[in-house]
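The values are calculated or read from the model by the stated rules, or taken from the named source; none is laboratory data. Predicted model, so just to flag it, every value in this text is computed and none were measured. Because the Cβ atoms are built from the backbone with ideal geometry, glycine has one as well, and the counts that use them run over all protein chains shown. The area values use the complete protein model at the heavy-atom level, side chains included, leaving out ligands, DNA and RNA. Shrake-Rupley method; radii C 1.70, N 1.55, O 1.52, S 1.80 Å.
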Amino acid sequence: MAMMDDYKSKNPYDVKKRGTFIVKVDDCSNATWRGNVVWADENITKHFRSTLELIKLIDESLESRSIGDNEEVGSA
Amino acid sequence: MGAAKQMLFARNLINICIDSVENVDYQGKIWHQYSDEPVCFESGVKLLVMMDELMDEWGFPQKGLEQRSLIGRGKKRHNRQKNDEMSIDKVQKTNGTRNIQNKKGKLGTYIVQVSFRQNATWQGHVVCVNCNEKKDFTSAMELIKIIEQDLGNVDEKAE
């Protein structure tokens, strides 16, 4: 556990974040996924063209919510 | 005599050192040639995000598709420098280069060369240092699967 704490203390991303996402994978050829993701909290839909893009879409949404509005997200 | 050590040579080499697997996720460090200090990651997601950010910073390899956004972040346009100098050249001149192929993770070490960033994902080669194998990947997910498979093999050997 000490190892984990070590990484967390050094990591700027260590903030509690929450969000709900609905993911629909339309196609999984070429070693990746393509489809749509709905950010349920904000009702925003986006098309993603790779798993990496999906991860980055979700990550940046959570990052944006973690700035100053954690409590609101927690109660939603 | 053992097989020749597999190596990669590229300006955007990244050495992924996995030190622990906790909460069903990876923790470790990434090393690149332009810094003495590693970047720590505490999950597989952060590993991918940080690697992509590094390549964005270097502008190499160039992105084939612009990243989409759920938070209405304005599209970033690549501002070409007046003298056409690439960001990675500047970074190289400012920071110099270091050998990163000697860094080792406690559980696994993976030297990654991303050759292209097409179809919003990565294509390139990875050397699994523990088993001295070079593999190709055609997406970021495939890279993660290669790492997962290799770490699984390490676990089996340990048992």
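Annotations for the structure displayed:
- Selection of segment B:46-60 for residues being more than 12 Å from A:LYS56 (Cα to Cα) and within 14 Å of chain A (Cβ to nearest Cβ) yields B:LEU54, B:MET55, B:ASP56.
- Matching residues, segment B:19-76, being of a type in the set (A, V, I, L, M) and closer than 19 Å to B:MET141 by Cα: B:VAL21, B:VAL24, B:ILE30, B:VAL45, B:LEU47, B:LEU48, B:VAL49, B:MET50, B:MET51, B:LEU54, B:MET55, B:LEU65
- Of the residues examined, B:LEU151 is not one that is within 14 Å of another protein chain (Cβ to nearest Cβ) and not in a strand (DSSP E or B).
- Evaluated against (1) open to solvent by 20 Å² or more (accessible area, probe 1.4 Å); (2) within 19 Å of B:GLY124 (Cα to Cα); (3) within 10 Å of another protein chain (Cβ to nearest Cβ), B:ASN23 falls short on exactly one condition, (2).
- Number of the condition not met by B:TRP122 [criteria: (1) in contact with a Gly (Cβ under 9 Å, 6 or more places away or on another chain); (2) within 14 Å of chain A (Cβ to nearest Cβ)]: (1)
- Taking the listed residues B:ASP89, B:ASP155, the one that is surrounded by fewer than 18 Cβ atoms within 10 Å (Cβ to Cβ), within 21 Å of B:ASP25 (Cα to Cα) and without any contact (Cβ under 8 Å) to a residue 24 or more places away in the chain is B:ASP155, with no other qualifying.
- Cβ separations smaller than 6 Å between residues 6+ apart or across chains give the following pairs from segment B:2-30 residues that are in contact (Cβ under 8 Å) with a residue 12 or more places away in the chain and farther than 21 Å from B:VAL114 by Cβ to residues that are charged (D, E, K, R) and not in a strand (DSSP E or B): B:ASP19/B:LYS106; B:GLN27/B:GLU42.
- Residue that is farthest from the chain's Cα centre (by Cα), among those in segment B:134-150 that are under 16 Å from B:VAL21 (Cβ atoms) and open to solvent by less than 20 Å² (accessible area, probe 1.4 Å): B:ASP150
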